[in-house]
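The values are calculated or read from the model by the stated rules, or taken from the named source; none is laboratory data. These figures come from a predicted structure and were not determined experimentally. Positions of Cβ are generated from backbone atoms using ideal geometry, with glycine treated the same way; all protein chains shown enter the neighbour counts. Side chains are part of the model used for accessible areas, which takes the heavy atoms of the whole protein and leaves out ligands, DNA and RNA. Shrake-Rupley method; radii C 1.70, N 1.55, O 1.52, S 1.80 Å.
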Amino acid sequence: MLFLGALRWRLFLDAQEIRYSLREAYALTMIGFFFNQVMLGSTGGDMVKAYVVAREQKGRRSAALMTVIFDRVFGLIILLVVALGAIAFNFDIVRADAELAGFAITVGVVLAGALAACTCFYSEKIRTADWVRATVRRVPFRGFLSNFTLALDAYKRRPRPIAQAAMLSIVLHVLVIVSVVCAAKALIAGPVSIAHFFFLIPLAHIVMALPITPGSIGTGEAAYAFLLGRVGITQGSLVSLLMRLVYLGWAVIGCAFYLQRKTKVSSAVEEARSTPGDSPVPDD
């Protein structure tokens, strides 16, 4: 999972013509994974990774930051696709449970909104409309937004790495879900429906990405307990705890990478912990 995540991120780096070896991309991915266990949500470490790359790419900081942001958003969109596709194999339980039906509708609406936003962004007709330009002129950090827009344009010109990243994301998410199924089988004596996990675990991980608690501690356990409880699995919180132990084991490797690069990464960690309202980096 972590190796595929590093490989996907490197595709986005290459699309921006930011050259990192796979070894270095993997090291930064592991460092980010380590900080994911202690910073808010399950994605806090991504900000550390983003600041490390941004500090090293002087003159192209917006593009460097965009690779990390786009990688995370892209992964979440594919996760929504997996959850939505799994509804076809869980239609009976979704139809019988009003709350699960509500989650399914929410997933569909959010995914439709994300695809609509992408369509609007990549449509030259919409982007050049007078009302769009007038709106952009009124938003704060216009220069920074403009730099991000230019960075996103690079992905529009390179559809091949985006398609490759989509395939990697599907495989990555499938592996994550399978690992959770293995954890569940280690704790549950009875049969486990894999189809249920393909719908419920993506929902739990979306909740865990919210910056509520450090490392999503408690948030993940609550999400697993609630969602798996809808299909009669009462050990949801224990499944989450077992997966957390697995993640902590891999985070030790990330910590080792961090200690090797502590001088370079420490300043980025401080920036990532700074006030969220601050501009993350100055305009290029």
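Being closer than 30 Å to V231 by Cβ, over 16 Å from the mean Cα position of the chain (by Cα), among the acidic types (D, E) and surrounded by fewer than 16 Cβ atoms within 10 Å (Cβ to Cβ) is a property that does not hold for D130.
Every listed requirement among (1) over 15 Å from the mean Cα position of the chain (by Cα); (2) of a type outside the set (G, A, S); (3) open to solvent by 40 Å² or more (accessible area, probe 1.4 Å) is met by F199 save one, (3).
Where in the stretch 134-217 are there helices (runs of 4 or more DSSP H), lying fully within it, with 1 or more residues that are modelled with pLDDT under 80?
142-157
The numbered conditions (1) at pLDDT below 90; (2) polar (S, T, N, Q); (3) in contact with a Leu (Cβ under 9 Å, 6 or more places away or on another chain) are all true for T29 except (1). For T106, the requirement of being over 18 Å from F70 (Cβ atoms), surrounded by 12 or more Cβ atoms within 10 Å (Cβ to Cβ) and either at pLDDT 75 or above or of a type outside the set (D, E, K, R) (or both) is met. Among the residues making up the stretch 11-38, a single one is in contact with a Ser or Thr (Cβ under 6 Å, 6 or more places away or on another chain) and more than 22 Å from R160 (Cβ to Cβ): N36.
Inspection of the stretch 137-146 finds a residue satisfying the criterion of being open to solvent by 30 Å² or more (accessible area, probe 1.4 Å) and within 16 Å of Q16 (Cα to Cα).
Scanning the stretch 144-196 for residues that are over 17 Å from F3 (Cβ atoms), free of Cβ contacts under 8 Å to residues at least 24 places away in the same chain and of a type in the set (A, V, I, L, M, F, W, C) turns up L145, A163, V181, C182, A189, I194. The number of residues in the stretch 61-77 being within 19 Å of the chain's Cα centre (by Cα) and open to solvent by 20 Å² or more (accessible area, probe 1.4 Å) comes to 7. Comparison of K58, K49 shows that the only residue that is among the basic types (K, R), in contact with a helix residue (DSSP H, G or I) (Cβ under 9 Å, 6 or more places away or on another chain) and either open to solvent by 10 Å² or more (accessible area, probe 1.4 Å) or farther than 23 Å from L175 by Cα (or both) is K49.
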